[in-house]
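Participant: Please read through the structure below; I'll follow up with questions.
The values are calculated or read from the model by the stated rules, or taken from the named source; none is laboratory data. Please read all numbers here as calculations on a predicted model, not as lab measurements. So basically every Cβ, Gly included, is an ideal-geometry build from the backbone, and we count neighbours across all protein chains shown. The protein model used for the area step is the full one, side chains on, heavy atoms only, and it has no ligands, DNA or RNA in it. Shrake-Rupley method; radii C 1.70, N 1.55, O 1.52, S 1.80 Å.
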Amino acid sequence: MTFGEQPAYLRVAGDLRKKIVNGSLPPHTRLPSQARIREEYGVSDTVALEARKVLMAEGLVEGRSGSGTYVRERPVPRPIARSGYRPAGGATPFRQEQADGEVRGTWESSSEQAEASGAVAERLDIRPGDRVMCTKYVFREAGEAMMLSTSWEPLAVTGRTPVMLPEEGPLGGMGVVERMAAIDVVVDNVTEEVGARPGLAEELHTLGGVPGHVVLVVQRTYYASGRPVETADVVIPADRYRVAYHLPVK
């Protein structure tokens, strides 16, 4: 192989990818078998197998038990609007994570006390092992799971208060800003960092993805006078959604 030349399996995968994108291999069409790929491209079984693995890792094809490998339906990415810090105004957890007021959705949640891991402790500026309230959410739009979130709040801030459980009490189901205001903690800043990684098996099971699919992870932290009072990881399937920010100009 000369310098700059692609490995054979990438060249085969690239040609098959082109056929999928241009419609020569439309959704729900069976991908050529390993033997067919071997014969058509003049490659070994190993190369044919690796090419199929590439397409599967990219989410372009999916295996069906006992049937073969098929081209997947390619969703048109929809925007998830985010607008950073929003003042008090009755924001629900869904509205907190999806700032588009035209979108209607539901959420499921569960909360339990836990010890802060090293990473969470660093984000909340507390000690590893300190007690936090961990709340996990599944957000749905038209019944479809579209977003996951895991939130941590230091019990040094919310413990023994009416807002200790985010989904219970007089302000259950409200956003972080409103809940914190109820205990005289004024949220005045929020940071978000966006990254991407392969989805974990349990995440993809809930979101309807396949192994190898990439997810976007929004790492968000709310602050009150410089003190972190909540941090969360928001997980979004990258093949179905785009993260769109709408930030005010100051």
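Participant: With the checklist (1) closer than 30 Å to Arg52 by Cβ; (2) part of a loop (DSSP other than H, G, I, E, B) in hand, flag the one item Pro162 doesn't pass.
Facilitator: (1)
Participant: What residue, among those in region 35-87 that are of a type in the set (S, T, N, Q) and surrounded by fewer than 17 Cβ atoms within 10 Å (Cβ to Cβ), is modelled with the lowest pLDDT?
Facilitator: Residues of region 35-87 of a type in the set (S, T, N, Q): 44, 46, 65, 67, 69, 83.
Next, only the ones that are surrounded by fewer than 17 Cβ atoms within 10 Å (Cβ to Cβ) stay: 44, 46, 65, 67, 83.
Details: Ser44: 94, Thr46: 94, Ser65: 78, Ser67: 83, Ser83: 71.
Among residues in region 35-87 that are of a type in the set (S, T, N, Q) and surrounded by fewer than 17 Cβ atoms within 10 Å (Cβ to Cβ), the one modelled with the lowest pLDDT is Ser83.
Participant: Among the listed residues Ser111, Ser151, Ser117, identify the single one that is open to solvent by 40 Å² or more (accessible area, probe 1.4 Å), touching a Cys at 6+ places or on another chain (Cβ under 9 Å) and of a type outside the set (D, E, K, R).
Facilitator: Details: Ser151 fails: open to solvent by 40 Å² or more (accessible area, probe 1.4 Å); Ser117 fails: touching a Cys at 6+ places or on another chain (Cβ under 9 Å).
Only one candidate qualifies: Ser111.
Participant: Consider only pairs whose beta carbons are under 8 Å apart and that are at least six residues apart or on different chains; among these, list those whose first residue lies in region 202-221 and is on the phi > 0 side of the Ramachandran plot and whose second residue is modelled with pLDDT under 95 and open to solvent by 60 Å² or more (accessible area, probe 1.4 Å).
Facilitator: Cβ pairs passing all conditions: Gly208/Glu144; Gly212/Met56; Gly212/Glu58; Gly212/Pro198.
Participant: How many residues are under 26 Å from Ile80 (Cα atoms) and either acidic (Asp, Glu) or surrounded by fewer than 19 Cβ atoms within 10 Å (Cβ to Cβ) (or both) if we restrict to region 154-170?
Facilitator: Step one: list which residues in region 154-170 are under 26 Å from Ile80 (Cα atoms), which gives 166-167.
Going one step further and asking which of them are either acidic (Asp, Glu) or surrounded by fewer than 19 Cβ atoms within 10 Å (Cβ to Cβ) (or both), we end up with 167.
The qualifying residues number 1.
Participant: Here's a follow-up. Considering every residue within region 171-183, establish whether at least one is more than 25 Å from Met56 (Cα to Cα), under 12 Å from the mean Cα position of the chain (by Cα) and buried (at least 18 other Cβ atoms within 10 Å of the Cβ).
Facilitator: Within region 171-183, the first condition is being more than 25 Å from Met56 (Cα to Cα), and the residues that meet it are 171-183.
Those left that are additionally under 12 Å from the mean Cα position of the chain (by Cα): none.
Checking region 171-183: not a single residue is more than 25 Å from Met56 (Cα to Cα), under 12 Å from the mean Cα position of the chain (by Cα) and buried (at least 18 other Cβ atoms within 10 Å of the Cβ).
Participant: Somewhere in region 151-159, is a residue under 20 Å from Val217 (Cα atoms) and modelled with pLDDT under 95?
Facilitator: To start, the set of residues in region 151-159 that are under 20 Å from Val217 (Cα atoms) comprises 151-153.
Filter again for modelled with pLDDT under 95, leaving none.
Scanning region 151-159 turns up no residue that is under 20 Å from Val217 (Cα atoms) and modelled with pLDDT under 95.
Participant: Looking at region 204-238 only, could you name the residues that are assigned to a helix (DSSP H, G or I) and open to solvent by less than 20 Å² (accessible area, probe 1.4 Å)? Spell out the reasoning first.
Facilitator: Going residue by residue through region 204-238, those that are assigned to a helix (DSSP H, G or I) are 204-207.
The answer is Leu204, Leu207.
For (1) free of Cβ contacts under 8 Å to residues at least 24 places away in the same chain; (2) in contact with a strand residue (DSSP E or B) (Cβ under 8 Å, 6 or more places away or on another chain), each residue gets a yes or a no:
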{"site": "Cys134", "(1), (2)": "yes, yes"}
{"site": "Ser151", "(1), (2)": "no, yes"}
{"site": "Leu165", "(1), (2)": "no, yes"}
{"site": "Leu171", "(1), (2)": "yes, no"}
{"site": "Glu178", "(1), (2)": "no, no"}
{"site": "Gly199", "(1), (2)": "no, yes"}
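Participant: Looking only at strands (runs of 3 or more DSSP E) that lie completely in region 1-85, which have at least 3 residues being out of contact with any Asp or Glu (no Cβ under 6 Å at 6 or more places or on another chain) and closer than 30 Å to Gly175 by Cα?
Facilitator: Filter on region 1-85 gives 78-82.
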